[in-house]
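Engineer: The following block contains the structure, expressed as structure tokens.
Since every read-out is calculated from the coordinates, none of them should be taken as a lab result. The structure displayed is predicted, hence computed values, not measured ones. Because the Cβ atoms are built from the backbone with ideal geometry, glycine has one as well, and the counts that use them run over all protein chains shown.
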Amino acid sequence: MASTIRGNDNFDSANVGPSTTLNDVGTYGFLRAYSGSITYSPGDTISGSTFTGWSNGYGYPQSTPTPSGTWRCMGYASGPFTPNASDTLFVRIS
């Protein structure tokens, strides 16, 4: 049987996937990175402190819980053209 080594435990069976716990490294979030006149492109890295909060897709961020760590942009975000122009997909990398 194949095994996977994870940083927080010993060996697990191969059917155990990545964490889906909110804000864990490797998880994705639809986040709002609005800070005035900004532009983020795929591959850019951003500190969690930059985010206004988790996005609801309509330009109104939900600020609890606040994202932490470092995130990689997986789409495009720019502003301040419209309220939701800075909402896009990010993945936590550290």
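Engineer: Would you mind ranking ILE93, ILE38 by Cβ crowding within 10 Å, fewest neighbours first?
Structural biologist: Ascending number of Cβ neighbours within 10 Å: ILE93, ILE38.
Engineer: Give me PHE51, PHE90 ranked fewest to most by other Cβ atoms within 10 Å of their Cβ, as a rough exposure proxy.
Structural biologist: PHE51, PHE90
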